[in-house]
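The values are calculated or read from the model by the stated rules, or taken from the named source; none is laboratory data. Just so you know, these numbers come straight off a predicted model, no measurement behind them. Backbone-built Cβ (ideal geometry, glycine too); neighbour counts: all protein chains shown.
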């Protein structure tokens, strides 16, 4: 039997789930955003195998192995909208960005992203994220986008602010890499603030 809450969540996320079948490819000035594939495995291992990257994310095991990368491609990617961020000039994968159902709030999706450490501070997360945020807002409505970051990762907070997110409050999030629960800043999309 389906509850009213489940029906509401499915209703608000129907466009999201429909999008899993079409999975658009996005082109920005410097990058191509495409569905992660087998060829991305070495880059995935290199990027999230780095403790400095993994420890800033909630769902990444450490050390990160080929088995983990294959699980990501086989189990996570089919059920979530995820894009590899590929440098147009070099063909190198710089990181990933995605939208996933937000379990704590029916009908809401959450933006997540990561970049290899050598790609930090170059505006890549903002460039790739802006396309994905606009797409996500079109799927579920602008007030149904969330994101968050560990409180000690202020650089991620600045990226989210540039993308139009504003602080909602604080919470605690588990980090699979460290095995700890850490303070987290929770944010919601409010496009009136974008670009400030």
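Determine, yes or no, whether residue 132 is part of a helix (DSSP H, G or I) and crowded, with 19+ Cβ neighbours inside 10 Å. If you could, list the steps in order and put the result at the bottom.
Details: part of a helix (DSSP H, G or I): yes; crowded, with 19+ Cβ neighbours inside 10 Å: yes.
Yes; evaluated as a whole, the condition is true for this residue.
Against the numbered list (1) at positive phi; (2) buried (at least 16 other Cβ atoms within 10 Å of the Cβ), residue 33 comes up short only at (1). Report yes if some residue within the range 111-124 is outside any strand (DSSP E or B), in contact with a strand residue (DSSP E or B) (Cβ under 9 Å, 6 or more places away or on another chain) and under 22 Å from residue 16 (Cβ atoms); otherwise report no. Scanning the range 111-124 turns up no residue that is outside any strand (DSSP E or B), in contact with a strand residue (DSSP E or B) (Cβ under 9 Å, 6 or more places away or on another chain) and under 22 Å from residue 16 (Cβ atoms). Whether a residue is surrounded by fewer than 17 Cβ atoms within 10 Å (Cβ to Cβ), under 25 Å from residue 49 (Cβ atoms) and modelled with pLDDT of 95 or more was assessed, and residue 167 does not pass this test.
Considered as a group, the residues in the range 45-87 that are assigned to a loop (DSSP other than H, G, I, E, B), over 23 Å from residue 20 (Cβ atoms) and in contact (Cβ under 8 Å) with a residue 60 or more places away in the chain include one that is nearest to the chain's Cα centre (by Cα), and that residue is 56. Total residues in the range 22-44 satisfying the condition of being in a strand (DSSP E or B) and in contact with a helix residue (DSSP H, G or I) (Cβ under 8 Å, 6 or more places away or on another chain): the figure is 3. Residue check: residue 181 meets all listed conditions (1) at pLDDT 95 or above; (2) touching a strand residue (DSSP E or B) at 6+ places or on another chain (Cβ under 7 Å); (3) surrounded by 14 or more Cβ atoms within 10 Å (Cβ to Cβ) but one, namely (3). Contact map, the range 17-36: residues that are farther than 20 Å from residue 127 by Cβ paired with residues that are surrounded by 13 or more Cβ atoms within 10 Å (Cβ to Cβ) and at pLDDT below 95, Cβ distance under 7 Å, separation 6+ or inter-chain. Pairs shown: 19/139. Scanning the range 143-161 for residues that are assigned to a helix (DSSP H, G or I) and either in contact (Cβ under 8 Å) with a residue 60 or more places away in the chain or crowded, with 17+ Cβ neighbours inside 10 Å (or both) turns up 144, 156, 157, 159, 160, 161. Within the range 88-110, the set of residues being without any contact (Cβ under 8 Å) to a residue 60 or more places away in the chain, surrounded by 14 or more Cβ atoms within 10 Å (Cβ to Cβ) and either assigned to a strand (DSSP E or B) or out of contact with any strand residue (DSSP E or B) (no Cβ under 9 Å at 6 or more places or on another chain) (or both) comprises 93, 95, 98, 100, 110.
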